[in-house]
Amino acid sequence: MVPAIAVADELRDQGSTVSFLGARGRVEADLVPEAGYEVDLLDLSGIDRMNPLKAARAAAQAAIAVPRARRLLRDRGAEVVMGGGGFVAGPAGIAAYSLGIPLVLTEADRHLGLANRLLARRADRVCLAFAIDRAEGDRYLVTGRPVNRAVLDGDRDWARKRFGLDAAAKVLLVMGGSLGARSINQAAVEAFAERPGRNFDVIHVAGRRDFSELTERLRGAAHAERYTLIEYEPDLGDCLAACDLVLARSGGSIFELTATGRPGVLVPYPFATADHQSANAAWMADAGAALVVKDDALSADLILEMISDLFADPGRLAAMSKASACLAMPDAAAEIAEQVQLASRGLN
C-alpha cells in the first residue's frame, strides 16, 4: 500500500483526484485515510493454495466483488485504474477492463503475481520493480518500486536527535514489516540486549504482534542500554536516516534500503510466495550491498558476530553502502505516475 500511496501523492501534486479501492480489514483501511485519500472497501481475502475450501471461498468473494467494483468505478468517474497489488487488484482490474477504463499494473516482486498474470495482456502498461523473464515487450517497463517521500527526504541529524543518538555513533536498524518478523525480533533482543559485547546503538521496529513481549524482555535485559524499541513506524524515514546498517526481511523494504544507500543483513521470509524474498535478497547480495542469512540458520550468536564484524570494518561497510545506493531507483513513483497520466489520455 505504501508504494501506491507514493504514486497517489505524485498524481495529486499534478492536480489529479485520486481515490482507492481496498479490502476490508486490511492495512489500507487505516493507511489510506491517514494519507488523506478516500477509500472504498470490498469484502475479499487471499487465496490459500494449501486449503481448497478457503481458496474456493476467496475466489467466490472475488467474483462477487467485480460488479461492486464496477459500480464504484462508475460512481467515482474513474478515468484510469492503477493496480497496486493485494487482494483487490484482480476484481478492480477486471472491472476496469470491462468498463473500457485504461489499466496500469504495478508489480513489486520478481515474478508476476496471480492478478497481474491474468490482467497483463489487457493492461495499457505494466510497471515492474525488477526485470522479469518473459515479461518483455512494449507493454512492460522497469521502474523500480516507489518509496515514501519521507524516506527520500530523511534528515540524518534530525533523526539522530529524535532517537537520542550521538552523531558519531554506529547504529543498527532492526525491522520486519508492520507485524514484525518473529525470528528476527527474538534473535535481535537476545543478541543485542541480553548478551554482552555490543558496541553500537540499536533502533528496533518490532511490529505490533511482538512489541509487548519484547518490551518485557528488555526490562529484564542486562545490556538494554542504547537500545530503542518501537512498535510501529509508518514511513521509516527517520529510522533509515539515523542508521548505518539494517537487519531485516527482504520484501519490498529493500527498495527503501537502496533509496537511502543502506547496506543490509537480510533474512528472507521462508514462506513468501514463490520464495520472492530470497530472490530480492540475492539482488542486493549479488551487487555487494547485503549479506544473506537463511531463517533456519538465524541465531543470536550469528547476527551478533556478523554485525559486530561489519561495524569493525568501516571500509567494507562503506563499500556496501555505495553498492546499495547504486541500485536505487528513486524516481519510481514519478515514472509510474507519468504512465498513469499517459494511459488516462490514451497515449501508452
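We did not get these values from a lab; they are worked out from the coordinates using the rules stated. Being a predicted model, the structure only gives us computed values, none of them experimental. All Cβ positions, glycine included, derive from the backbone under ideal geometry; neighbour counts span all protein chains shown.
Which lysines does residue 161 reach when only Cα atoms under 18 Å apart count, and residues fewer than 8 places away in its own chain are ignored?
Of all the lysines, those that pass the test against residue 161 - Cα under 18 Å, at least 8 places apart if same chain - are 170.
Could you state the angle between the C-alpha long axis of helix 2-13 and the longest principal axis of the C-alpha atoms of the chain, as a value from 0 to 90 degrees rounded to the nearest 10?
Orientation of helix 2-13: about 60 degrees from the principal axis.
What do the square roots of 5 times the Cα gyration tensor eigenvalues come to for segment 214-282, in whole Å, largest first, as semi-axes of the equivalent ellipsoid?
Numbers: eigenvalues 124, 53, 23 Å².
Value: 25, 16, 11 Å, ordered largest first.
Could you compute the longest span of the chain free of GluC sites (Glu not before Pro) located in DSSP loops and having at most 11 other Cβ atoms within 10 Å, not counting the site residues?
The segment 1-135 is the longest one with no such site.
So how do 318-324, 242-248 stack up, highest first, on mean other-Cβ count within 10 Å? List each step's numbers first, then the result.
Working: 318-324: 17.9, 242-248: 25.0.
Answer by packing, highest mean first, reads 242-248, 318-324.
Just in segment 250-348: which chymotrypsin sites (Phe, Trp or Tyr not before Pro) are loop by DSSP and have at most 11 other Cβ atoms within 10 Å?
271
Would you please calculate the Kirkwood hydrodynamic radius of segment 81-154 over all C-alpha pairs and express it in Å, rounded to one decimal?
Here the Kirkwood hydrodynamic radius works out to 12.7 Å.
Which value in deg cm²/dmol, rounded to the nearest 500, describes the helix-derived mean residue ellipticity at 222 nm for the chain, given -39,500 (n - 2.57) per DSSP H run of n ≥ 4 and division by the residue count?
Rounded to the nearest 500, it is -13000 deg cm²/dmol.
Treat the count of other C-beta atoms within 10 Å as a stand-in for reagent exposure and order 306, 82 from fewest to most.
With the fewest neighbours first, 306, 82 line up as 306, 82.
Rg (Å, one decimal) plus Dmax (Å, integer) for the alpha carbons of segment 150-326?
Both quantities, over Cα of segment 150-326: 14.7, 42 Å.
To the nearest 20 Debye, how big is the dipole of segment 150-326 about its Cα centre, given +1 on the beta carbon of each Lys and Arg and -1 on that of each Asp and Glu?
On the way: 18 positive and 25 negative charges, 28 e Å.
Once rounded to the nearest 20, the dipole reads 140 debye.
Return the aspartates and glutamates within reach of residue 54: Cα separation strictly under 15 angstrom, same-chain partners fewer than 8 residues apart disregarded; answer none if there are no such residues.
Of all the aspartates and glutamates, those that pass the test against residue 54 - Cα under 15 Å, at least 8 places apart if same chain - are 43.
Trypsin sites (Lys or Arg not before Pro), restricted to segment 55-158: which are DSSP loop and have at most 13 other Cβ atoms within 10 Å?
Qualifying residues, ordered by number: 134.
What's the center-to-center distance, using Cα atoms, between segment 132-151 and segment 262-278 in Å?
Measuring centre to centre over Cα atoms gives 19 Å.
Less than 13 Å apart at the alpha-carbon level, and either on another chain or at least 8 residues along: which aspartates and glutamates does that give for residue 322?
Partners within reach: 244.
Take the alpha carbon atoms of segment 183-242, find their center, do the same for segment 6-44, and report the distance between the two centers in whole angstrom.
Answer, in whole Å: 31.
7 Å from Cα along Cα→Cβ at both residue 29 and residue 16: what's the point-to-point distance in nm?
Distance between label points: 2.7 nm.
Mind grabbing the base-10 log of I(q)/I(0) for segment 177-267 at q = 0.13, 0.14, 0.26 Å⁻¹? Debye formula, identical points on the C-alpha positions, no solvent, two decimal places.
-0.40, -0.47, -1.54
What are the equivalent ellipsoid semi-axes of the chain, built from the alpha-carbon gyration tensor (square roots of five times its eigenvalues), in whole angstrom, biggest first? Don't jump to the answer; show the numbers that get you there.
Working: eigenvalues 275, 90, 72 Å².
Ellipsoid semi-axes (Å, largest first): 37, 21, 19.
What Kirkwood radius, in Å to one decimal, follows from the Cα pairs of segment 1-96? List each step's numbers first, then the result.
On the way: mean 1/r = 0.0722 Å⁻¹.
13.9 Å is the Kirkwood radius here.
Once phi is turned into ³J(HN,Hα) by the Karplus curve 6.51 cos²θ - 1.76 cosθ + 1.60 with θ = phi - 60°, what whole-Hz value does each residue of segment 320-334 show in order, with x for glycine and proline?
So the J values, rounded to whole Hz, are 5, 5, 5, 5, 5, 4, 5, 8, 5, 10, x, 9, 4, 4, 5.
Of 334, 241, 167, which has the largest mean-square fluctuation in a 10 Å C-alpha GNM of the chain?
It is 167.
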